[in-house]
Structures are given as structure tokens and as C-alpha cells.
Amino acid sequence: MRSWEYGMRNWEFIIRHSAFEIPHSKLNLFKKAVMTLEQLLQFLKSRQDFMENVTTWQVLPEKAAEYHDYPESVDARLQQALQEKGIERLYSHQASAYGSAMSGKNIVLVTPTASGKTLGYNLPVLDTILKAPEARALYLFPTKALAQDQYNDLHELLKILGVDIKTYTFDGDTPAAARKAIRRAGNIVMTNPDMLHQGILPHHTVWLKLFENLKYVVIDEVHYYRGVFGSHLANVIRRLKRIANFYNSDPQFICCSATIANPREHAEKIIGAPAELLDKNGAPRGRKHFILYNPPVVNRELGIRRSVVGEVNRISKMFLETGVQSIVFARSRMRVEVLLRYLKDKARQLSIPENRIRGYRGGYLPLERRGIEQGLRNGDILSVISTNALELGIDIGQLDVSIMAGYPGSIASAWQQAGRAGRRSTTSVAILVASSSPMDQYIINHPEYFFQKSPENGITDPDNLLILMSHLKCASFEIPFTEDESFSSIATQEILDYLSDKNVLRKTAGKYHWMSEIYPAEEVSLRRSSPDNVVIIDTTNEEKVIGETDLFSAPMLVHQEAIYMHGGRQFHVDQLDWERKKAYVRQVEVDYFTDAITKSNIKVLSVDEERLLPEMSFNFGEVNLNMVTTGYKKIKLFTHENVGSGRVYLPEIEMATNAAWLAFPEDLAKRLDIAASELSGALQALANLLRNIAPVYLMCDPSDIRAVPMVRSPFSQQPTIYLYDNFPGGMGLSFKFFNNPLPTLNGCLSLIDQCVCKAGCPSCVGPALEIGESAKSYSRKLIHYVIERLKSRK
């Protein structure tokens with residue numbers, strides 16, 4: 001009997017036993033008949049109980065590498081070092097990046113995950129420094145973890161090269177003693193936008209060597225910088241270029257991006273200059289199987305499907321004993337930990353060491369995360385369960401299987417996560433397992449939408465008035481502005497005069513000087529999240545810090561009596577000290593986990609502007625978003641039964657921001673000639689449209705704004721749709737909509753008319769499962785109703 005047939009028979013036996021559970025009596029027999037990934041995939045295709053849940057199975061063919069010889073201008077020492085690392089020749093896109101960079105062009109390099117983009121920028125940077133040792137380069141990464149990862153990779157190459165090219169990471173963890181050496185002697189400085197904004201640009205006088213000799217600025221993962229964060233970065237880059245020009249340098253920019261719809265346009269907005277697009281991938285690609293899997297229905301009356309966690313657990317188990325490395329992406333920290341607990345339990349049954357199954361998420365300590373990354377690279381870790389923290393380009397080697405526990409929310413993210421699996425010459429598989437949510441169900445049942453639609457646009461607005469004003473303050477602190485200087489294409493002089501009138505700047509001898517005692521960069525946060533965190537302390541034996549969580553998530557994860565899960569272990573939260581931001585936990589063994597119950601609400605604080613329209617009103621003002629954890633449920637492991645509950649008493653978390661809202665008449669359903677029961681779906685449909693279309697007209701990312709419908713608002717006692725800025729204090733996005741709503745609303749109408757779906761989809765009004773079969777047509781009526789009244793006011 002051939003070995004693969006022997007393996008098949010054992011798998012047949014396993015499948016017949018309770019959802020792939022392997023009896024201990026057959027474990028040894030099974031271990032002798034390990035199947036390859038190809039054999040397992042062929043076997044799954046033959047299984048009706050698996051294939052009846054597969055909505056599509058696409059095979060992306062393998063692709064041969066396109067090689068180029070090293071250009072003659074590459075320093076011989078560098079070429080030799082790369083060849084010692086096994087890089088005998090360059091991929092075509094690496095050679096193109098080198099040629100364009102050495103000819104003085106800004107470039108944006110767009111190729112898939114694990115295609116060698118890093119060498120695309122390291123090659124011209126190192127070659128330049130070898131030829132001109134005084135040259136400097138600044139590398140920007142969105143996270144400290146990614147900067148540290150790239151530092152380790154470059155450090156290995158420099159050890160082989162044997163040349164003293166001083167390379168450092170510079171972030172909040174850098175010791176004070178090391179900072180002076182970095183400022184004085186660093187050829188390559190790796191940092192993040194926050195540190196550049198607050199730690200380098202305001203102190204440019206002590207970074208003299210860097211700015212006088214700055215040749216390259218590398219922006220990795222440029223697609224990550226979208227919306228408000230991207231708009232902030234574009235202004236930080238304006239400040240960087242301004243300081244560099246002050247020191248008579250004019251750096252080139254090398255940007256790297258995952259696949260988005262508008263990579264060149266996006267990169268050019270970030271760097272404020274033309275860039276050449278390099279998107280012809282020369283790296284090889286093995287065959288990739290992409291499977292969309294819909295868990296079976298367990299309650300047809302309610303449309304409830306089997307748990308996505310349970311199905312991912314079952315599917316993941318199948319890959320453990322094949323010996324292939326896999327990554328499972330989950331959408332929440334809790335889901336990561338629950339899946340980790342399940343797979344560790346299965347690993348014990350298969351006699352696989354538990355430390356070969358690991359979790360990875362925010363909240364783990366840095367050293368723990370670095371150890372997991374290293375274990376993935378060297379093959380010690382067989383499977384990792386992660387949030388989207390591993391979606392970015394941290395080097396974790398090239399895995400064989402990527403399983404997504406639910407649609408990650410965007411096509412670009414889904415391809416990024418799928419791209420984590422795939423060696424350059426062997427077969428890989430990506431499996432998207434849908435949840436019961438309407439968005440997931442639409443994607444899984446309309447594979448053509450997923451496979452044929454281009455990824456989302458990267459949208460930024462560097463000239464957002466509030467963001468621009470913030471960075472003009474920072475830039476004036478760094479170097480005084482002259483009267484004829486242009487920082488932005490719009491309103492530079494007007495804003496400077498405004499700040500001068502407000503005594504923030506002082507105008508003298510034709511220059512605008514910073515005069516406040518406040519350090520402006522410290523007052524400007526580039527990101528939405530609060531820098532505060534809660535430290536988690538294990539008191540089982542002696543007190544030691546085992547993790548952390550951001551302040552916003554703490555009431556849900558480490559409230560009193562919660563079961564906090566970390567690395568597959570369970571800890572009981574004895575105390576959450578909210579004032580000191582500490583959670584005290586002890587290790588326990590229980591058969592349940594906890595799920596927090598939260599309530600949120602929008603409260604109008606003030607109406608700053610009001611437009612009274614026929615039958616309705618259009619308002620702008622300040623609102624308060626309140627979120628409070630009120631209790632928790634105890635969920636039994638493996639069965640997911642609700643086995644208990646409890647109360648939680650914590651203060652509300654509040655965010656004051658700005659919003660625009662449409663308040664409709666109480667008898668809106670009658671005026672639209674629809675049933676009262678259909679009004680909720682029509683309002684939700686319009687809110688979904690605003691979420692999809694408003695970012696295009698407001699120049700922001702979808703995560704920067706929120707649209708919330710209410711059939712009866714507590715404030716107005718009327719049907720209302722709120723559009724609010726998802727940032728503390730607001731960012732002017734909803735005010736922009738309030739001042740000019742018609743382009744956005746007309747865009748909503750165009751989207752409805754152009755979308756080919758019959759009753760709704762995620763690209764327009766939302767899936768019919770969420771809004772109802774008739775809501776698409778009703779939302780068209782509602783938009784016409786609003787537009788007519790807005791126009792009547794003009």
C-alpha cells in the first residue's frame with residue numbers, strides 16, 4: 001500500500017470520530033502516517049461533510065521568479081555579503097527599485113507579503129553609505145516591534161558585510177545613554193512616526209549630522225497610514241523636509257506598500273512629491289489554495305450557524321499533525337485566547353509540546369512577542385493564533401497555512417493575512433471561515449465580490465484644517481516661518497496670522513516665532529488611542545507583571561471577577577485598581593471564560609449650529625460617547641454554554657467629540673410611504689451608505705468616522721442619524737459634512753444606482769440580512785427626501 005493511501009485511511013478513521021477528534025488508542029497509528037499538505041487538501045476535496053460548507057475553492061497558480069543580475073554599480077562588498085546570505089541574484093522588482101533610487105527618484109514599491117521588499121530599500125541605502133560614509137538614512141515603521149524586527153534583519157547582513165555602518169533603533173525604549181551616540185553617529189536610524197514627531201524634529205539642533213547628510217527616508221507599510229493618522233504623517237513629513245532643507249539636504253523617499261487601489265497617489269500625498277510606482281513583482285510564488293468556508297446551519301429558523309471559533313478549532317486541528325506551520329487570525333484578544341486554549345488542549349492529545357502552540361496579541365510583553373517571532377522563524381512554533389498584530393510585515397518566516405476566523409473587515413486586510421502563508425516554491429492554503437454576521441455571510445456567499453473587487457483606497461487629507469494648524473504650531477517651534485513661506489498649498493499665511501492674533505505666535509521682522517511656554521508636539525497625538533494602559537500583575541506566587549492592556553479595553557478584559565486568559569493560561573482578576581491602573585490576577589483552572597457586557601450611548605452636549613429644514617432639522621454640535629461595562633457572562637469552554645453571570649461596577653469611559661446629525665419627523669415612515677417596521681432598516685441603510693461614501697468626500701479613513709442610526713433619539717425624540725468624528729475633541733470631519741452635505745448624499749445615491757446587487761451588499765447599503773430585503777429601495781427614498789429639503793433651504 002502506498003504511504004499516502006495509508007495516510008488517507010487513517011484520516012478516514014479520524015473523520016468518522018466526532019469532528020476530527022483522534023482517539024488515543026489510534027494516536028500512535030496516526031503518527032506513523034503523517035500526510036503532506038497536498039495530500040490533506042486532496043483528502044478534504046473528497047470529503048462531502050467538508051466540501052458542502054465550502055462556497056468556493058480557488059487555486060492561484062504558481063509563478064516563476066524573474067531574476068536580474070546585480071547592477072555593475074553595486075559595491076562588490078555588498079554583493080558578496082548578499083551572496084553569502086544565499087541571494088545570488090536580485091528579483092526584478094529589487095533591481096528596478098535600486099535603479100530608480102540611484103537615479104534620484106522617489107519610489108513606491110508595491111509587491112505581496114514576503115516578496116523581498118526590504119532588500120528593495122536596503123540595497124540602495126547600504127550601497128550609498130558604502131560609497132559615501134557620511135550619508136544618513138531614516139527608516140520609519142508604524143510600530144516599535146516592526147522597527148526592532150527590521151533592525152535584527154539588517155544587523156545580520158551588516159555582520160556578514162563587516163563594515164562599520166552604525167544602525168540603531170530610536171524609540172521610547174532607547175536608553176538615555178545611547179541617545180547621544182545615535183544622534184552623533186547613526187548612519188541608519190530606525191524609528192516610528194510618533195518618535196519622529198515628538199523626539200527628533202523638535203530637537204533637530206542636536207540631530208545635526210542626520211539632517212545635514214540625510215539622503216534617504218524609508219517609509220515602510222505606507223498603506224497603514226490612512227485617514228487621520230496618514231494626514232498627521234503627511235504633515236510630519238512636511239516638517240521633516242522643511243528641517244532638511246534648512247540644513248541644505250533634500251532626501252529621497254522610498255515607500256513600501258501592500259496592495260491597495262491607489263498606492264502611488266497615496267504615497268505622493270504622504271511625501272508631498274511625485275513618486276515612481278514599481279508594482280511588477282519578480283518574486284516566485286508557490287501554488288495557493290484559497291478556500292471560503294461557511295459553517296453549517298444549526299438553527300434554520302433563526303439562521304444561526306455553528307460557532308466560527310468551533311469550526312476554526314476543528315479545521316486547525318487537521319493541520320497540526322501534518323507538521324506544517326500555520327497561523328490563525330482572530331478578530332479579538334478574547335477569541336485568540338479561547339482558540340489558543342482549545343488548540344493547546346488538542347496538542348496535548350497529539351503529544352505535541354504545548355510550547356509549539358502560541359498566541360500573539362497586544363498586551364503580551366515585548367520579550368514574549370520577540371520570542372514568539374523567533375520561534376516562528378526557526379520552526380520551533382508549529383501554530384500561532386494572532387490578532388491582526390501579525391498582519392504587518394514582521395518577519396515570522398514563511399508559513400504554510402493561514403486561517404482567518406471571520407472576515408477581517410476589508411479586502412486589503414484579508415489578502416494581507418492570506419499572504420502570511422506561502423513559501424516561494426511550495427503549496428500553501430488560506431481559509432476564510434465566516435461568522436454569522438451579515439458582512440461575513442455576504443462575502444462568503446458572493447465570492448466574486450471578494451476575488452474580483454480591487455482592494456480599498458488609501459485616503460488621506462494633509463490639509464485638514466485642524467491637523468494642519470497643529471503641525472504649523474509644531475513647525476514654527478522648530479524653525480520660525482517667513483512671510484512668503486508655504487507649508488501647505490492652502491491657507492498657510494492665513495493660519496499663521498490667526499495664530500499670531502491669538503498670541504500663539506509672535507510676528508516680528510517678517511517672521512513668525514513660537515512664543516508659548518507649551519511644547520507643541522506633546523499636545524498633538526498622531527493616533528486615536530490613549531497612551532495610558534493598565535498593567536496586569538500575577539500574584540500567584542510573587543508579584544510579577546505578565547501583560548498590559550490599553551485603558552479602553554481594560555473594563556472588558558480585566559474587570560473584577562473576570563477570567564483573564566494569557567498564553568492559554570487562565571487568571572482570575574481579584575482586583576482592578578482603576579486609579580492606579582493596575583489589575584491583580586492569580587492563576588486558576590476553571591472550565592469557563594468570561595465575556596463582558598457593555599452599554600454605549602450618544603449624548604448631545606450642545607447644539608452649536610442648527611438648520612431648520614422643511615419637516616426636519618440638520619444640526620452640528622458636541623456629543624459625548626459613553627461606554628460602560630455593566631456585567632459579564634460565564635461561557636463554558638468547548639460548548640460555549642452560558643453558565644452564569646455577574647455585575648460589574650466601573651466608571652463610564654467617555655469621549656467628547658463633534659457630530660452632525662439629521663433629525664427626521666416622527667411620522668417619517670408615513671411620509672416615505674413605507675411600513676413603520678421598515679424604518680429601522682432604511683435608517684441603517686443610509687448610515688451604512690454614509691460610512692462607505694463619506695470617507696471619499698471627507699478625505700478620511702472609514703475608521704475615522706462613525707454613523708449611528710436611531711429610530712427614536714433620546715435627545716430629539718425623533719428618528720435621527722448621527723455622523724461623528726471617532727477622535728477625542730473631533731477632527732473637523734463631521735463639520736465638513738455639515739457645511740457641504742450634498743456631494744456626500746449625491747454620492748450615496750450614485751452608489752445605490754451603480755451597485756449591481758439586488759437587495760444590498762457591504763459596498764452599498766449593507767447586507768440584506770442586516771437591513772431587510774426592501775431597505776435598499778427605501779434608503780433611496782430617504783436620501784431623495786433629505787436632498788430635496790436641503791436644496792429647498794438654498
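The values are calculated or read from the model by the stated rules, or taken from the named source; none is laboratory data. The model shown is predicted, which means the values in this text are computed figures rather than measured ones. All Cβ positions, glycine included, derive from the backbone under ideal geometry; neighbour counts span all protein chains shown. Please note that ligands, DNA and RNA were not included when accessible areas were found on the heavy atoms of the full protein model with its side chains. Shrake-Rupley method; radii C 1.70, N 1.55, O 1.52, S 1.80 Å.
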Problem set entry | Under the Debye formula (equal points on every Cα, no solvent term), log10 I(q)/I(0) of segment 309-349 at q = 0.19, 0.25 Å⁻¹ | -0.51, -0.87
Seminar exercise, completed: For Leu161, the net charge from surrounding residues (Cβ-Cβ under 12 Å; K, R +1; D, E -1) works out to -2
For this session: Just need the Rg to Rh number for segment 235-335, please, alpha carbons only, Kirkwood Rh.
Result: 1.21
Seminar exercise, completed: Answer in debye to the nearest 20: the dipole magnitude of the chain about its Cα centre, from +1 Lys/Arg and -1 Asp/Glu charges placed on Cβ, is 1420
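So for Ser454, Ser774, what's the accessible-area order with a 1.4 Å probe, most first? Don't jump to the answer; show the numbers that get you there.
Numbers: Ser454 70, Ser774 40 Å².
Result of the area sort, largest leading: Ser454, Ser774.
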Problem set entry | segment 694-794 - Rg and Dmax from Cα coordinates, angstrom | 14.2, 39
Problem set entry | With 5 Å bins from 0: P(r) over segment 744-793, alpha-carbon pairs, percent | 5, 22, 30, 22, 12, 6, 3, 0
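Using the Kirkwood radius built from alpha carbon pairs, what does the Stokes-Einstein equation give as D for segment 625-722 at 37 °C and 0.692 mPa s, in µm² per second?
Values: Rh = 16.6 Å.
It diffuses with D of about 198 µm²/s by this estimate.
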Seminar exercise, completed: Computed from the beta carbon distance with a Förster radius of 60 Å, FRET efficiency for Glu543 and Lys603 to the nearest 0.05 stands at 0.90
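Kirkwood-based Rg over Rh for segment 319-371 (C-alpha set), two decimals? If you can, show how the numbers build up before the last one.
On the way: Rg = 11.6 Å, Rh = 12.0 Å.
Rg/Rh for segment 319-371 comes to 0.97.
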Exercise. Taking the Cα centre of each part, how many Å lie between segment 624-643 and segment 348-402?
Worked result: 27
Exercise. For labels at Glu517 and Asp550 in the simple 7 Å Cα→Cβ model, what's the distance in nm?
Worked result: 3.3
For this session: Per DSSP H run of n ≥ 4, the term is -39500 (n - 2.57); total these for the chain, divide by its residue number, and report the mean residue ellipticity at 222 nm rounded to 500 deg cm²/dmol.
Result: -11000 deg cm²/dmol
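Go ahead and run the numbers for FRET between Asp250 and Arg611, Cβ-Cβ distance against an R0 of 41 Å, rounding to 0.05. Could you put the intermediate results ahead of the total?
Numbers: r = 48 Å, r/R0 = 1.18.
Step by step, r from the Cβ atoms, then E = 0.25.
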Exercise. Across segment 135-231, how large is the tail of the calculated P(r) beyond 22 Å, expressed as a percent of all Cα pairs?
Worked result: 26
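Can you list which of the trypsin sites (Lys or Arg not before Pro) found in segment 165-251 are DSSP loop residues with at most 10 other C-beta atoms within 10 Å?
Numbers: sites: Lys166, Arg179, Lys180, Arg183, Arg184, Lys209, Lys215, Arg226, Arg238, Arg239, Lys241, Arg242; in loops: Lys166, Arg226.
In loop regions of segment 165-251 (DSSP not H, G, I, E or B), there are no sparsely surrounded trypsin sites (Lys or Arg not before Pro).
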Exercise. Roughly to the nearest percent, how much of the accessible area of the chain is carbon and sulfur, given a 1.4 Å probe?
Worked result: 48
Exercise. How big is segment 501-611 by Rg and Dmax over its Cα atoms, in Å?
Worked result: 22.4, 74
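For segment 573-676, compute the orientation-averaged projected area of the C-alpha convex hull (one quarter of its surface), in nm².
Values: hull surface 45.4 nm².
Here the figure is 11.3 nm², rounded to one decimal.
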Exercise. Quick one: what do you get for segment 88-157 if you divide its Cα Rg by 2.2 N^0.38 Å?
Worked result: 1.13
Problem set entry | Per residue, the convex hull volume that the Cα atoms of segment 166-300 enclose (Å³) | 202
Problem set entry | Among Ala768, Ser489, Thr169 the positive-end extreme of the charge dipole of the chain (Cβ point charges) | Ala768
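Share of Cα-Cα pairs in the chain beyond 35 Å, in percent?
54
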Seminar exercise, completed: Correct semi-axes for segment 415-530, from √(5λ) of the alpha-carbon gyration tensor and rounded to whole Å with the largest first, are 50, 16, 15
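Ignoring ligands, DNA and RNA, how do Ser489, Ser470 rank by accessible area with a 1.4 Å probe, largest first? Write down the numbers at each step before the final one.
Working: Ser489 105, Ser470 30 Å².
Final ranking, largest accessible area leading: Ser489, Ser470.
How big is D, in µm² s⁻¹, for segment 666-751 by Stokes-Einstein at 4 °C and 1.567 mPa s if Rh is the Kirkwood radius over C-alpha pairs? Intermediate values should be presented prior to the final figure.
Values: Rh = 13.6 Å.
Calculated translational D: 95 µm²/s.
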For this session: Take the Cα atoms of segment 516-580, find their three principal axes, and give me the spread along each one in whole Å, biggest first.
Result: 50, 22, 21
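Looking only at Cα atoms, what is the convex hull volume of segment 720-760 per residue, in Å³?
Numbers: hull volume 4.3 nm³, N = 41.
Convex hull volume per residue, Cα atoms: 104 Å³.
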Seminar exercise, completed: Isolated cysteines for the chain, Cβ-Cβ cutoff 4.7 Å, are Cys255, Cys256, Cys474, Cys700, Cys748
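Can you divide the C-alpha Rg of segment 62-127 by 2.2 N^0.38 Å and report the result to two decimal places?
So the Cα radius of gyration is 1.06 times the expected 2.2 N^0.38 Å.
Is there a pair in Lys159/Lys180; Lys346/Lys581; Lys105/Lys209; Lys63/Lys215; Lys453/Lys603 whose C-alpha atoms are over 29 Å apart, and which pairs would that be? Please report the intermediate quantities before stating the final value.
On the way: Lys159/Lys180 23 Å; Lys346/Lys581 36 Å; Lys105/Lys209 23 Å; Lys63/Lys215 35 Å; Lys453/Lys603 38 Å.
Beyond 29 Å between Cα atoms: Lys346/Lys581; Lys63/Lys215; Lys453/Lys603.
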Seminar exercise, completed: Over the chain, with neighbouring protein chains present, the accessible area per residue in Å² at probe 1.4 Å is 42
Exercise. Using the Cα atoms of segment 278-361 to build a convex hull, what is its mean projected area in square nanometres?
Worked result: 8.8
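If you take the alpha carbon radius of gyration of segment 176-237 and divide it by 2.2 N^0.38 Å, what ratio comes out, to two decimals? Each step should come with its number before you reach the end.
Numbers: Rg = 12.6 Å, N = 62, 2.2 N^0.38 = 10.6 Å.
Normalised Rg, Cα atoms only: 1.19.
Looking at the calculated P(r) for segment 309-451, what percent of the C-alpha pair distances fall above 20 Å? Intermediate results must be reported in sequence, preceding the final value.
On the way: 4342 of 10153 pairs.
Cα-Cα pairs in segment 309-451 separated by more than 20 Å: 43 percent.
Which order do His232, His155 take when ranked by solvent-accessible area (1.4 Å probe, heavy atoms of all protein chains), largest first? Before the final figure, lay out each step's value.
Values: His232 5, His155 85 Å².
Ranked from most to least accessible, the order is His155, His232.
Round to the nearest 0.05 the FRET efficiency obtained for Val590 and Ala509 when R0 = 60 Å and r is the Cβ-Cβ distance. Could the numbers behind the result be given before it?
Working: r = 72 Å, r/R0 = 1.20.
Efficiency, from the Cβ-Cβ distance: 0.25.
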Problem set entry | Dipole of the chain, positive end: most advanced residue of Leu662, Leu679, Ser500 [Cβ charges, Cα centre] | Leu679
Problem set entry | For segment 27-168, the fraction of alpha-carbon pairs in successive 10 Å shells from zero, as % | 9, 30, 24, 13, 15, 7, 1
Problem set entry | Under 20 Å from the Cα of Lys269 - aspartates and glutamates, other chains or at least 8 residues apart | Asp194, Asp220, Glu221, Asp250, Asp279, Glu456, Asp461, Asp463, Glu485, Asp701, Asp704
